[in-house]
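J.: Supplied in structure tokens, the structure appears directly below.
The values are calculated or read from the model by the stated rules, or taken from the named source; none is laboratory data. Because the structure is a prediction, the values reported are computed rather than measured. Positions of Cβ are backbone-derived with ideal geometry, glycine not excepted, and every protein chain shown enters the neighbour counts. Only protein heavy atoms, including side chains, enter the accessible area calculation; ligands, DNA and RNA are left aside. Shrake-Rupley method; radii C 1.70, N 1.55, O 1.52, S 1.80 Å.
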Amino acid sequence: MAEPLLALRNVETYYGPVLAIQGISLEVREASIVALLGSNGAGKSTVLKSISGFVEPQKGTIRFAGQDLPGHEPDAIVGLGLSHVPEEREVFPFLSVRENLLMGAFTRRDRDAVRADLERMYGLFPILRERLDQPALSLSGGEQQVLAIARALMASPKLLLLDEPSLGLSPRLVGEIFTVIRRINGESGTTILLVEQNAGKALEVAEYAYVIEVGRIVMEGSARDLADKPDIREFYLGLKEQGVRSVRRWKRKKLWR
Ligand SMILES: Nc1ncnc2c1ncn2[C@@H]1O[C@H](COP(=O)(O)OP(=O)(O)O)[C@@H](O)[C@H]1O
Ligand SMILES: [Mg+2]
């Protein structure tokens, strides 16, 4: 088997004295979508930040496209073909939508391809074409999220790290975001590592998934197998219908082994 596009082995990351993730090992095969699920504070964002160089792991190895990542600066990591859309949906507020998109292509010299990708973004996200010349700050939260994803894609990444892309969006936009995630992967073969609390949607688009709790991976498997597991169904998929009570029940039963 070919080496996976991304492989983490025993990665440990601290914030000061606080151990945020420990012994994280995971793999992402080229052209696949892998989901990383877990509740608030589990360490999902720290995994993504450790990969993209925003925080530096104290232990472990991270291999991406045949290179060891730790030690590279975030900008250099973008140049290697890895784009991270953080939870905070960073856009340049005073730049127009179009300028934001062009900023995403800052590592590229292939101007014609950049222009073609701009068109591709307007096709994927028609709302951006309508707002081309408006400053990013005039967009709604959902539209800014779309812009942040499109800007990351303008770097033409091999691997896209998406941190809770559906968070805080209207149900219609959530549907659109997941459709777009599928299209990005299907049309250009972009590999995606997707962090989500919306486990139902994530397991629909992903091929494989990892569940992380308190900084450790407690479960992994094909998305189909995980979607059928009673613990996942109850804790992650049933949360909305059943409310907080199911979490308490889950904790009492201590289902993770
Ligand atoms: N900048 C930070 N400083 C100190 N602790 C942090 C920081 N960011 C996250 N943490 C802690 O690390 C743990 C994992 O956080 P995070 O990776 O953001 O979780 P998730 O994305 O799954 O919600 C949490 O306990 C959180 O409080
Ligand atoms: Mg997070």
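J.: Quick one: with all protein chains in place, what share of the accessible area of the range 6-256 is carbon or sulfur, to the nearest percent (1.4 Å probe)?
T.: Roughly 50 percent of what the probe reaches on the range 6-256 is carbon or sulfur.
J.: Quick one: work out the % antiparallel among DSSP beta bridges in the range 6-256, nearest 5.
T.: Once the DSSP bridges in the range 6-256 are tallied, antiparallel ones form about 55 percent.
J.: For the range 69-192, just say rounded, prolate or oblate: build the C-alpha gyration tensor, square-root its eigenvalues into a ≥ b ≥ c, call rounded for a/c under 1.5, and beyond that prolate if a/b exceeds b/c, oblate if not.
T.: Since a/c stays below 1.5, the shape of the range 69-192 is classed as rounded.
J.: Would the range 119-204 count as rounded, prolate or oblate if I go by the C-alpha gyration tensor, calling it rounded below 1.5 in a/c and otherwise prolate when a/b exceeds b/c, oblate otherwise?
T.: Verdict is oblate for the range 119-204.
J.: Hey, another quick one. For a test of the definition: using alpha carbon positions, the gyration tensor, and the 1.5 limit on a/c, classify the range 19-112 as rounded, prolate or oblate. Write out the running numbers ahead of the final one.
T.: Numbers: a/c = 1.96, a/b = 1.49, b/c = 1.32.
Here the range 19-112 falls in the prolate category.
J.: With point charges of +1 on the Cβ of Lys and Arg and -1 on the Cβ of Asp and Glu, referenced to the Cα centre of the chain, which listed residue (Val114, Ala7, Ser166) lies farthest in the positive direction of the dipole?
T.: Of the candidates, Ser166 comes out farthest on the positive side.
J.: Just going by the charge dipole of the chain, with Lys and Arg at +1 and Asp and Glu at -1 on Cβ, which of His72, Val18, Ser50 is farthest out on the positive end?
T.: It is Val18.
J.: Moving on. Over the chain, give the accessible area per residue in Å² for a 1.4 Å probe, as an integer.
T.: 49
J.: Another question about this same structure. Would you calculate, for the chain, the mean residue ellipticity at 222 nm contributed by helices, counting each DSSP H stretch of 4 or more residues as -39,500 (n - 2.57) and dividing by all residues, to the nearest 500? The partial results should precede the final answer.
T.: Working: 11 runs with 100 residues, N = 257.
Estimated from H runs of four or more residues: -11000 deg cm²/dmol.
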